[in-house]
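Scroll down for the structure; my scribbles are underneath it.
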Amino acid sequence: MSVSQLRPNMDFWAERVDLAAAFRWTARLNMHEAVANHFSLAVNPAGTRFLMNPNQRHFARIRASDLLLLDADDPDTLKGPDAPDPTAWGLHGAIHRHVPHARCAMHVHSIFATVLASLADSRLPPIDQNCATFYNRIVIDDHYGGLAFEDEGERCAAQFSDPKKKVMVMGNHGVLVIGATVAETFNRLYYFERAAETYIRALQTGRPLRILPDDVAEKTASELEAYPEQDIRHLAEIKAILDDEGSNYAS
């Protein structure tokens, strides 16, 4: 039996395992930020109850059983002994209260996405297939207001009004990616970081960019959105690798 098949007596075990695997792989790819940054996953139909990483826990150590189960409508969440990070609560609580299509939300300060967020023009032109994935599908936040406590979290959540746009380049901050599942959201986060890296490295050459025409970029983005099961297979392979290594992520 693989590690991911073990099922302690906890609610939402499969969801916990998926989210824990995403934390572990994000750390392995060096897309984490020490003991900061946070992922969440809604587990009830309304989207207001959600799993999230505990306060100040390194992504490389997070286990399925460590994840907090929170209620976005509970005003006393930060008063308990296992209270989440206040900025994680501010951002993810707002997302799960106000953005019903955001079942999963992942926020990181990954290197290349953050470089993009630091440019005066944070648009991502479609210069390759990965970049084209996000054509007309990015929200750019130009109004960073400090740490994502509750007011800032509410402001950020309000910018996800268009369900087509599932990536927010958080100007002067990092990136926030949303989706329907852990697999979908992590896959999107992974490819956004790869796309940002391609663009930043292309800029570093100082040579003219080869930008796809709008119609080709939109066609590519639509085709990739409909591509069958890549996100599911991606996460399944990550869990298989972790299981083969004897990781305790699913404990």
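The values are calculated or read from the model by the stated rules, or taken from the named source; none is laboratory data. Fair warning: this is a prediction, and the values are worked out from it, not measured in the lab. No Cβ is skipped: glycine too gets one built from the backbone with ideal geometry, and neighbour counts run over all protein chains shown.
Tell me the residue from Ala42, Ala36, Ala21 that is under 19 Å from the mean Cα position of the chain (by Cα), modelled with pLDDT of 95 or more, more than 15 Å from Asn248 (Cβ to Cβ) and of a type outside the set (Val, Ile, Thr), please. Criteria check complete, one pass: Ala42. Within the stretch 201-249, being aliphatic (A, V, I, L, M), touching a residue at least 24 places away in the same chain (Cβ under 8 Å) and part of a loop (DSSP other than H, G, I, E, B) holds for Leu209, Ile211, Leu212.
Looking only at the stretch 194-220, residues that are crowded, with 22+ Cβ neighbours inside 10 Å and touching a Ser or Thr at 6+ places or on another chain (Cβ under 9 Å) come to 2 in all.
Does Pro75 meet the test of being at pLDDT 95 or above, assigned to a loop (DSSP other than H, G, I, E, B) and out of contact with any Phe, Trp or Tyr (no Cβ under 9 Å at 6 or more places or on another chain)? For Pro75, the condition - at pLDDT 95 or above, assigned to a loop (DSSP other than H, G, I, E, B) and out of contact with any Phe, Trp or Tyr (no Cβ under 9 Å at 6 or more places or on another chain) - is not met. Just one of the listed residues (Ala180, Ala148) is at pLDDT below 95 and either under 16 Å from the mean Cα position of the chain (by Cα) or aromatic (Phe, Trp, Tyr) (or both), namely Ala148. Restricting attention to the stretch 45-72 and to residues that are modelled with pLDDT of 95 or more and among the polar types (S, T, N, Q), the residue that is nearest to Thr185 (Cα to Cα) turns out to be Asn53.
Filtering the stretch 97-127 to residues that are more than 20 Å from Thr185 (Cβ to Cβ) and in contact with a Leu (Cβ under 8 Å, 6 or more places away or on another chain) leaves Ser122, Pro125, Pro126, Ile127.
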